[in-house]
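Data first, discussion second: the structure below is written as structure tokens.
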Amino acid sequence: MGAGEEEAFLAPLPLALLPGLEAADLACLGSLNLVRVSQAAALGLDQLRVLFGSRATFLYETFRGIDLTPVMPAGEAPPRVAAEHAFETDTNDGEQLERALYRLVEQVGRKLRDRHLAARRIGIRMDYSDGVRRIRSAGLRPPSANDITLFEQARSVFRSAWQRRIRIRYLRLICDRLTFPPAQPSLFMEERQAEEKRTALVTALDTIRNRFGENSVGWGRRVA
């Protein structure tokens, strides 16, 4: 198969053979009598958004053989997404630290969404003024690439690592154990509605930033 022939190669295959499709995806497509890749590929992006919400772009590209994930050589470390911040003046001011942390979350979340991936673990590396380093991490269940969800967990991990009164010099945020965004929504109505609102809000922010630039809009907690 040559470059550009991916869509034609995939077209006759059963949807169940495509990597990244979950049982909920296949069930939804099956309810529409779509069982082959070519049938699903006939759906436009707007139609997929109605059916799959935030997974629409991932599915649209998967049906067409589009995969921007870099190929990893054998033995290379698993992929991760990270962002870092070095303070101009070492600080132990809680509000300043959380503002910096949220900026890191926005950077990491955007990278994850651009790659149509979600993180199953989030970690913090913290360097103090006296050279002491702390590293903490926690799992994300379900996996997420949503800034709001990532920040809630990142703040919890940060607070577990921040146990000294010494000023902090450097922060690094790492998301790893990357996977495809989960297809199965929460079974509980309140949780599902809350997640839908979060997804819609972050998607709207991404749309504005794509059009007007990364700094065109942001959360109040980013403001110094």
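Any read-out appearing in this document is the output of simple, stated calculations on the displayed coordinates, not a laboratory observation. What you are looking at is a predicted structure, and each value in this text was computed from that prediction instead of being measured. For neighbour counting, all protein chains shown are included, and Cβ atoms are generated from backbone atoms with ideal geometry for every residue, glycine included.
In order along segment 143-153, the phi-based Karplus estimate (6.51 cos²θ - 1.76 cosθ + 1.60, θ = phi - 60°) of 3J(HN,Hα) comes to x, 8, 10, 8, 4, 5, 5, 4, 5, 4, 6 Hz; Gly and Pro are listed as x. With a Förster radius of 45 Å applied to the beta-carbon distance between ALA11 and GLU152, the computed FRET efficiency rounds to 0.60. The string of couplings for segment 91-106 from the Karplus curve (6.51, -1.76, 1.60, θ = phi - 60°) is 9, 10, 6, x, 5, 5, 5, 5, 4, 4, 4, 5, 4, 5, 4, 4 Hz, one whole number per residue in order, with x for Gly and Pro.
Computed extension length for ALA27-GLN39: 2.9 nm, one decimal, from 0.36 nm per residue of separation with the Cα-Cα distance subtracted.
Among 116-125, 201-210, the peptide with the highest mean count of other Cβ atoms within 10 Å heads the list, and the full ranking is 116-125, 201-210. Peptide packing for 81-87, 166-172 was compared via the average number of neighbouring C-beta atoms within 10 Å per residue; ordered from the highest value, the list is 166-172, 81-87. Spacing of the modelled spin labels on THR203 and GLN96, each 7 Å from Cα toward Cβ, amounts to 3.9 nm. Note on PHE212/GLU84: beta-carbon distance plugged into 1/(1 + (r/R0)^6) with R0 of 30 Å gives a FRET efficiency of 0.70. The H on the amide N of ARG121, modeled in the peptide plane, is under 5 Å from the matching H of LEU140, ASP176, each at least 5 residues off or on a different chain.
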